Structure formats: C-alpha cells, structure tokens
1. Quick test of your reading of the structure: L220 fulfils all but one of (1) modelled with pLDDT under 95; (2) outside any helix (DSSP H, G or I); (3) touching a Ser or Thr at 6+ places or on another chain (Cβ under 9 Å). Name the failing condition by number.
2. Please verify whether the stretch 242-252 includes one or more residues that are of a type outside the set (V, I, T), open to solvent by 40 Å² or more (accessible area, probe 1.4 Å) and assigned to a helix (DSSP H, G or I).
3. Is the stretch 154-161 home to any residue that is of a type in the set (A, V, I, L, M, F, W, C), open to solvent by 10 Å² or more (accessible area, probe 1.4 Å) and under 21 Å from L214 (Cα atoms)?
4. Does the stretch 123-136 include one or more residues that are closer than 19 Å to R28 by Cβ, touching a His at 6+ places or on another chain (Cβ under 8 Å) and modelled with pLDDT of 95 or more?
5. Take the residues in the stretch 91-102 that are aliphatic (A, V, I, L, M) and out of contact with any strand residue (DSSP E or B) (no Cβ under 7 Å at 6 or more places or on another chain); name whichever of them is surrounded by the fewest Cβ atoms within 10 Å (Cβ to Cβ).
Amino acid sequence: MTILLAPMEGLLDFVLRDILTRVGGVDRCVSEFIRITHTLLPERVFVRHVPELLHGGNTFAGVPVRPQLLGSDPTCLAENAALLATMGPHGVDLNFGCPAKVVNRHGGGAALLDEPELLHRIVAAVRRAVPAHSPVSAKMRLGFNDDRRAEECALAIEAGGAGELVVHARTKAHGYRPPAYWERIADIRAAVRIPVVANGEIWTVPDAQRCRALSGCDRLMLGRGMVADPGLALAVGAARAQAGTAIHGALSWQSLLPLIADFWQLVRERLERRQQAGRLKQWLNLLRRRYPEAETAYQALRTIIEPEQIDQWMHKHVVAGAPPVFGNAR
C-alpha cells in the first residue's frame, strides 16, 4: 500500500507537512498548488511554496515532496515545469481538481475538466519539458458540474504522458460534501493503465478499507482525515498488515502534544505574525473530530489573536507537559 499526503491550499503547507510526516506512515507528499499565469516564476517562488527543495526535496522526516503546478496555458506551464525540474524535485504534479471559484474563473483547476483536449495538451507539454526520469502526475476530480466525462479526462491525462493519476471522488459541484463516490474511481481505474490513487472523504481506517474495496486502489491520498487524526496513515498501514484489526488512529493526545508544540514553533518562525494564531486554531479545529482534548484547547484559544498570549498558553499546557485540562489563556 502507498499513502500520499494531499495538497490542500491554506491548510497542508510545508509547516504541517513537516509535522505530519514526522508521525510516519506517509510515503509521499504533494505540495499546495503553485499558480502559473503568464510568466516564468523565479526560483524563490518555488522555494517559498516548497522549501523542501533546499533539502533534497524531502520533509524533515525524509518524506519526498512533489510540487504541484496549477494553470491553463500549456506553454507557460511547461516552461515553469522545466525550471522547477532543475531544482531537484521528486517529480511535477498538475492540478486539475481545485474547486475554488477564483481559480475556476481563470480557467484553472477543476474548470479544465470540461476540456479534455486541453488537459492532454498541458500534460504533454509538461512531460516534454521535464527530464524523462522525472515523474509527471496529475490530480483530478470526477468533473465540473457532473461526472459524465470523467473517463475521457483520465484518458486524456494518461495519453499526455502522466505516470500517475489521483482522483478526488467528487465533482467541483459536490465541493467537499459527503459522500465521495469511490466506485467511480474504479470505473476510471478500469479505463486507464497508469496507477490510480483514490482520494476523498477518508477520515478513519474503516473509511480507507471501504475506499479500497470500492475503488480497487491500493494507493490512497489522505487530506483532512490525516490533519484531524495525525496517526491515520500509520493506522491504515497497520490495519492492512493485520487484516483489518487496527481500526483507530495510532497517536494518543499525549503523544501529539510535542508535535503541537513543534508546529507552533515553526509557525512562529516561518509564517507572518498575522497568520500565526489562525493557523494553530485551524489545526485544533480539525483535531476536535478525533480528540476531545482538542475541543477544550480550541475553546481556550478561540478568541485569542496575540501570538504572545498563545506562547504563554503553550508553555503552560503543552511545552511544560501539563495535563491537558485547559483554562482560559491570559
């Protein structure tokens, strides 16, 4: 089994990739998308999105990161992919699934799923532009408003030269509303010859098992489920190895506390001050699905915007190893 960590704009950035891959169970990450418009980006922009490029393309834990490009101009995407390839990434990924309105208005992300011919031209241009040894992969949804052209899009991506395809089992119109239509991934998998990775609505080990059964995929991509339960990749791997006997996340709250402390330290060091408090609360908000203690922590910090106040709270309740019974931060 192969487990990938999903790209999620504004959530799964290099800081959270660093922390989650320390837990284990993830075989490869895909970065947040790097938007390509009509210019050749300087190297510093690629490094800003994927600082792992400065360290062999790997996270601190040694997990490979594949940068993802988003755009609709085959020539411009190819030129930027060629430059990116000189920086030693673990391949190039192409975004054909982003549902954001601002992206779709400009013809990017999931909007491209209405134009299979353009998908083919983009993939083919990028494949020609990067060295033969450098993998080119893509991520798509089932479609824009409906899934009638899902197989056609997948075949176009394959014909363009992609070596792997991640399928988020919803259309753009579905957004992130459950359910995910994993059985449609099986249809796509039957239509193409390249490896297919199943993605969407995998929150628990039983979800992963059902997804594998319905999609036929032995490659899974975890997104919000991994953010909410950082031990999920380990648990999915353990369940596979032990014939489904491990059904819960593999990380206790007490084990997670040092990682939360490390996350906050990285946020303080690497992100702008105005982003810092929100990033911690964003993660705690998702952790509430798995950990009751995260609910208490989130409520304690919910109205706090000053990083210094959070520093004090973190030192008292996390860094110092105090029991996870949180009061109001002061």
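The values are calculated or read from the model by the stated rules, or taken from the named source; none is laboratory data. Worth saying up front: this structure is predicted, and the values here are computed from it rather than measured. Heads up, the Cβs are rebuilt from the backbone with ideal geometry, glycines too, and the neighbour counts pull from every protein chain shown. Just so you know, the surface numbers come from the protein's heavy atoms only, side chains and all, with ligands and any DNA or RNA stripped out. Shrake-Rupley method; radii C 1.70, N 1.55, O 1.52, S 1.80 Å.
1. For L220, the exception is condition (1).
2. no
3. yes
4. The answer is yes, given that some residue of the stretch 123-136 is closer than 19 Å to R28 by Cβ, touching a His at 6+ places or on another chain (Cβ under 8 Å) and modelled with pLDDT of 95 or more.
5. Keep residues of the stretch 91-102 that are aliphatic (A, V, I, L, M), which gives 92, 94, 100, 102.
Among the residues that remain, those that are also out of contact with any strand residue (DSSP E or B) (no Cβ under 7 Å at 6 or more places or on another chain) are: 100, 102.
Numbers: A100: 15, V102: 10.
Looking at the filtered set, the residue picked out is V102.
Conditions tested, residue by residue: (1) open to solvent by less than 10 Å² (accessible area, probe 1.4 Å); (2) under 15 Å from R22 (Cα atoms); (3) modelled with pLDDT of 95 or more.
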{"site": "G175", "(1), (2), (3)": "no, no, no"}
{"site": "W182", "(1), (2), (3)": "no, no, yes"}
{"site": "I194", "(1), (2), (3)": "no, no, yes"}
{"site": "A198", "(1), (2), (3)": "yes, no, yes"}
{"site": "L214", "(1), (2), (3)": "no, no, yes"}
{"site": "R224", "(1), (2), (3)": "no, no, yes"}
{"site": "A238", "(1), (2), (3)": "no, no, no"}
